[in-house]
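Before any comments, here is the structure.
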Amino acid sequence: DIGTKHACGADLTLIDKSTPEHIPYKANDVIGCGFNAHTMSIFYTRNGKFVEDAFQNVRGGGMLLYPTLSLHSPGEVVRCNLGSSPFMFD
């Protein structure tokens, strides 16, 4: 199953452009999401490699940004690293 990202409640397909055949995500893939304050963009990584800038010109309008995660089906499991361990992509 490929990943999705959400913008204002809309589901958008996240295509991994780092692979020639756009290989679907699989169990044990490490998906990262980060915010680049210099370019004001939100980006995704897969197994430590840059995938894409998902959102550009992100402006909070004075609001704070918070990490958010949603799962699709019962029994899905994720492990989150919000900085307590080194990130694969730096």
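Below are the figures for this structure:
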{"read-out": "Which listed residue is in contact with a Gly (Cβ under 9 Å, 6 or more places away or on another chain) and at pLDDT 80 or above, from Gly75, Gly83, Gly48, Gly34", "value": "Gly48"}
{"read-out": "Checking Gly9 against (1) at pLDDT 85 or above; (2) open to solvent by 30 Å² or more (accessible area, probe 1.4 Å), the condition it does not meet", "value": "(1)"}
{"read-out": "Cβ-Cβ under 8 Å pairs, at least 6 apart or on other chains, region 37-51 side of a type in the set (Gly, Ala, Ser), far side part of a loop (DSSP other than H, G, I, E, B) and surrounded by 12 or more Cβ atoms within 10 Å (Cβ to Cβ)", "value": "Ser41/Val58; Gly48/Val30; Gly48/Met88; Gly48/Phe89"}
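Here's the yes/no breakdown for (1) in contact with a strand residue (DSSP E or B) (Cβ under 8 Å, 6 or more places away or on another chain); (2) farther than 14 Å from Cys33 by Cβ; (3) exposed (fewer than 10 other Cβ atoms within 10 Å of the Cβ):
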| residue | (1), (2), (3) |
| --- | --- |
| Gly48 | yes, no, no |
| Val51 | yes, no, no |
| Phe55 | yes, no, no |
| Leu69 | no, no, yes |
| Val78 | no, no, yes |
| Ser85 | no, yes, yes |
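The values are calculated or read from the model by the stated rules, or taken from the named source; none is laboratory data. This one's a predicted model, so the numbers in the text were calculated from it and none came from an experiment. Ideal geometry is used to build each Cβ from the backbone, glycine not excepted, and the neighbour counts take in all protein chains shown. Ligands, DNA and RNA are excluded from the accessible area calculation, which covers all protein heavy atoms including side chains. Shrake-Rupley method; radii C 1.70, N 1.55, O 1.52, S 1.80 Å.
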